[in-house]
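Structure first, then comments.
The values are calculated or read from the model by the stated rules, or taken from the named source; none is laboratory data. Since the model is a prediction, treat every value here as computed from it, not as a measurement. Here Cβ is always computed from backbone atoms with ideal geometry, including for glycine, and neighbour counts include all displayed protein chains. With ligands, DNA and RNA removed, areas are computed over all heavy atoms of the protein, side chains included. Shrake-Rupley method; radii C 1.70, N 1.55, O 1.52, S 1.80 Å.
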Amino acid sequence: MGHHVRQKVGTVQTQAFQVWLNKTPEEIDLDPHKFLTCYTEPLDTFAEMNQILPRDSWKGFDEKPKTLFYVCGAFEDSNSIPPYKVTSFPSNQKAEVYENMLEYMNHHLRHVIPGLFDEEGNLKWDYLYDPTNGSGEDRLKYQYWRCNIDGSERYVFSLKGSSKHRIKTDESGFSNVWLTGDWINNGFNIGFVEGAVVSGLQSARALSGEEIPIYLPW
């Protein structure tokens, strides 16, 4: 993803975390397949993702997690990005995401998963899946969180009038370079995984010269 896209189409950093629980959705009053967006900033999107659990490998563990949810949102750019030699910057940014995750878990999650809290509104930390048997809030450290701050990881917007600035897979300007990703002009022109898949197929078609079919459902 080049400078042209960032200037003409617009991008933003993102942050996300995943939490595994040792309780089923029914045990914590979580509606299966629940999806919520435009909820609270900066982590405004929630999704129950139990369809992923059968595809995860938990070999060597006595018990597997029973619930998985994702939370994500925009992550504001730092006021000052230091030179690449300042190797502490990525870890500092990740630490900020951890604090945002902790804030979300303690103060915003109760409205989404009421069964994860006691009558006084305290989070039941022992419901978090943690084979290391961490105590209390430390169980959150077994979960997964990240900040997407590299240029190639930025989320590409779909701003009004921006599609004309997107480049098709065969418009790199080089005879041996094909572009792919949800940021190119793929016909959808929005940031989502399906757009990246279609872009990959378009690149394969351009490279091979063959009409590679798209099979549904993916």
Here is a check on your reading of the model: is residue 95 hydrophobic (A, V, I, L, M, F, W, C), closer than 29 Å to residue 150 by Cα, open to solvent by 30 Å² or more (accessible area, probe 1.4 Å) and not in a loop (DSSP other than H, G, I, E, B)?
yes
Can you tell me which residues in the stretch 51-77 are more than 13 Å from the chain's Cα centre (by Cα) and crowded, with 18+ Cβ neighbours inside 10 Å?
65, 66, 67, 68
Residues of the stretch 166-199 satisfying the condition of being surrounded by fewer than 17 Cβ atoms within 10 Å (Cβ to Cβ), in a helix (DSSP H, G or I) and touching a Ser or Thr at 6+ places or on another chain (Cβ under 7 Å)
none
Please determine, by comparing only the residues of the stretch 32-50 that are more than 17 Å from residue 12 (Cβ to Cβ) and of a type in the set (D, E, K, R), which one is nearest to the chain's Cα centre (by Cα).
48
Across the stretch 103-125, the tally of residues that are open to solvent by 40 Å² or more (accessible area, probe 1.4 Å), within 15 Å of residue 21 (Cα to Cα) and in contact (Cβ under 8 Å) with a residue 24 or more places away in the chain stands at 1
Counting only residues that are open to solvent by less than 50 Å² (accessible area, probe 1.4 Å) and assigned to a loop (DSSP other than H, G, I, E, B), the stretch 78-92 contains a total of 2
